[in-house]
Structures are given as C-alpha cells and as structure tokens.
Amino acid sequence: MARGRHVKHARSAAFVVAIALGIVLLALGGVSFAAYRYDQASSDRILPGVSISGTDVGGMTRAEAITAVERAAQERLTQTLIVRVAGESWKTTPAKLGQSADVATAVDQALQASDSVGFVTRVWRRLREEPVDISVDLTFTSGGTGIADLVSGIAADVIQTPRDASVSVVDGEVTFVHSRPGHALGANIGARRLQAALDEDATAVRLPVRTVKPRVPDAKIGKTIVVDRTTNELFLYDRFELEHSYHVATAAAGYVTPPGDWTIIDKRENPTWTNPAPDTWGADLPASIPPGPGNPLGTRALYLNAPGIRIHGTSDVSSIGTHASHGCIRMLMSDVEQIYPLVPIGTRVIVF
C-alpha cells in the first residue's frame, strides 16, 4: 500500500512540473511572438546609432533619413570652392561642377544594417535605444561638363603667349624686344586636380600652369645689320648691343636701295664683279671685272637676297656718306674688311 501511494505522488508531481513547463513555454512563445511583431513593426526604421557620413539617421524612416541626408549633402554641394591659377582666383561649388550625392542608396544601406545584427540583439537595442555604432558612407559622384567647362574658361583667361626676342625699326628708330616666357593651363592636369579637390571635399585648390618657352630667346638673336638710307649709316648689332657703326653710300637718284628685311646669303673675298645691267647703265662696261684695284666691289662683298644688292667695298672714298650707288650699299675698304668676319651667312639686314 505504501508503494502505491508513493507512485501516485510522483505522478502528480510530474504532472505539475509539466504544466509549469508548458506555462513557461507558452510565456516564452508569447514573448518571442511579441518581440517578432515589434521587430516587424519597427523594420521601416533605421537602427539607433546608424549614421550616414556623420548624419545620425537612427530611428528614422527611409523618407525622414533621405530628407536629413540630403540637407547635409547640400551643405557640401553648395559650399564655395576657390580655384587659384597664376595669381588669380575663381569661385564655384561642387554642384556647379556636376557633383551629386547618391542619398537613396546610402539610406537603403542604412536600413539594411539591421541584417548584420542578430534578432535578439536588434530587438533589445531597439527597446533600450542602444546605438549600434554603424556608419554608412555617402557616395559623391561627378558628371556632366562642369569641370571641363570651368578649366577651359580659366585656361582662356590665364594664357600668356610667350614673346619672341626681336630687333626691328619702328618710326625710324631701332627697337629691341626681349624675349619673355609665357604660360598655359593644361586641360588634363587642371581637370584632374579639380576632381581631386572635389573628392577630398576641399574648399580651395591651386591649378598649376606650365611654362611656354619663346621660339626666339634673346640668345638666338645673333647679329643684325641696320641700314638707314636717310643718313647713309650702317649699324651692326650683336643681339641688343651696338657693336659698330659706319658711314656708307646708298642709291643715287633714279636708283633704289630696296627697303625691307633681308638676309646675307653669300660672302666673297676679292669677288669678281659681274655686270648686272648690260642693257642699261652698264652698257659701256665689261661683262665682268676680275678681282683687283679696279673691281667695283672692292676687296669684300656680302650678298643679300634682295636681287642684285650687295654690301661691298669701294675705292670711291668721296661717295661714302652720299647717295651715289646703283642700289648697292658701299663701304670704305677698311670698314668692309672689318665687318666681313663679324657677320656670318644668315645675318639679318634691315634697310629702311
């Protein structure tokens, strides 16, 4: 009898435990279901502690987050960017240069951040509003022609054409111009530097210019002969310095020493004279005269690319300083022999 009572008592205790366990399981199920329903109801809101490029979007809906992030993005897109080139500056903004922010994608990534957090942790953090410390980057992209257009406009404004060195005659005065380098903004490097400034969220950027060398630097000027037909003077310049000046004879009335920009194309010592006008003023002269005392060209002759024109010596000393030739430029023998080795073929001759 005692054993029967003991078995009966054990069965009763097990039943009670089962009931209690069932109640607990039902309670846990209810809690879990409630937690699930809460999680589902909150799924349209971003977890607390999630930020997008510094903007806290925790607890926000997608629409609320887009509004908040767009506001922050606009601050960056409309901030002033100063572009400095060659001592000048231009103001623009990232938006004007074609930059935009992919806000929708960043907000969707923020909403998806809950997938990286377990269900229990997610519910617990939502209930207690504990931040998860998740940061999503906002992507800025560039498009359109804004950068290219600005660089092109700046390049046109800052370009400085190099200046060639030169010797010329202006209003009867010998004028010297020294060379000067120029500069230009390269389109490719300018665009790259500007894009880098946008990517770095910079507020100022300096675009480099490249130096453009002159085609004719001072060192290439060399020798220049200038002949003034009014005063019958010849000047020899070495670059920009007067090296020698001489009295000469130029064309007599009825003849022309042609004005212009000429070049020495040949040089002769003790040249043979060839009659240049056998049918006119040279009709009573021989076809040619060999080197010697009676040669009209003297001991030295510099041949110009002006037809029939030479700078040469003469034995007619009294003609120097007057208009006496048939077009050539006469010099004293000693003067032409002095200048002859100083001027190479290719030397420029300006006659005015």
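The values are calculated or read from the model by the stated rules, or taken from the named source; none is laboratory data. This structure is a prediction, so every number in the text was calculated from the model and none was measured. Glycine also receives a Cβ, built like all others from the backbone with ideal geometry; neighbour counts cover every protein chain displayed.
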Count, please, the residues in the range 178-234 that happen to be under 19 Å from D157 (Cβ atoms), among the basic types (K, R) and in contact (Cβ under 8 Å) with a residue 24 or more places away in the chain. 3
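For the range 60-89, which positions are in contact with a Lys or Arg (Cβ under 8 Å, 6 or more places away or on another chain), within 20 Å of L185 (Cα to Cα) and surrounded by 15 or more Cβ atoms within 10 Å (Cβ to Cβ)? Full working, then the answer.
Taking the range 60-89 first, the residues in contact with a Lys or Arg (Cβ under 8 Å, 6 or more places away or on another chain) are 60-61, 80-85.
In the following step, the residues that additionally are within 20 Å of L185 (Cα to Cα) were identified as 81-85.
If the condition is that a residue be in contact with a Lys or Arg (Cβ under 8 Å, 6 or more places away or on another chain), within 20 Å of L185 (Cα to Cα) and surrounded by 15 or more Cβ atoms within 10 Å (Cβ to Cβ), then L81, V83, V85 are the ones that fit.
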Return the residue satisfying two criteria in turn: it lies in the range 265-287 and is modelled with pLDDT under 95 and of a type in the set (S, T, Y), and of such residues it is farthest from V349 (Cα to Cα). T280
Checking the structure you have, find out if any residue of the range 92-113 is surrounded by fewer than 17 Cβ atoms within 10 Å (Cβ to Cβ), touching a residue at least 60 places away in the same chain (Cβ under 8 Å) and outside any helix (DSSP H, G or I). no
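Which one is farthest from V226 (Cα to Cα), of the residues in the range 282-339 that are hydroxyl-bearing (S, T, Y) and surrounded by 15 or more Cβ atoms within 10 Å (Cβ to Cβ)? Can you show your working first?
Kept after step one, since they are hydroxyl-bearing (S, T, Y), are these residues of the range 282-339: 288, 299, 303, 314-315, 318-319, 322, 325, 334.
Okay, now just the ones that are also surrounded by 15 or more Cβ atoms within 10 Å (Cβ to Cβ), so 299, 303, 314, 319, 322, 325.
On the way: T299: 22, Y303: 15, T314: 19, S319: 19, T322: 17, S325: 18 Å.
Ranking the candidates gives T299 first.
Could you tell me whether the range 205-216 includes any residue that is part of a strand (DSSP E or B), in contact with a Phe, Trp or Tyr (Cβ under 8 Å, 6 or more places away or on another chain), surrounded by fewer than 15 Cβ atoms within 10 Å (Cβ to Cβ) and at pLDDT 95 or above?
No, because not a single residue in the range 205-216 is part of a strand (DSSP E or B), in contact with a Phe, Trp or Tyr (Cβ under 8 Å, 6 or more places away or on another chain), surrounded by fewer than 15 Cβ atoms within 10 Å (Cβ to Cβ) and at pLDDT 95 or above.
For the structure I just gave you, tell me whether P271 is of a type outside the set (V, I, T) and in contact with a Pro (Cβ under 8 Å, 6 or more places away or on another chain). Before the answer, list the steps.
Details: of a type outside the set (V, I, T): yes; in contact with a Pro (Cβ under 8 Å, 6 or more places away or on another chain): yes.
Judged against the criteria, P271 is a match.
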Considering the range 149-160 alone, what residues qualify as being farther than 18 Å from K91 by Cβ and either at pLDDT below 95 or of a type in the set (A, V, I, L, M, F, W, C) (or both)? I159
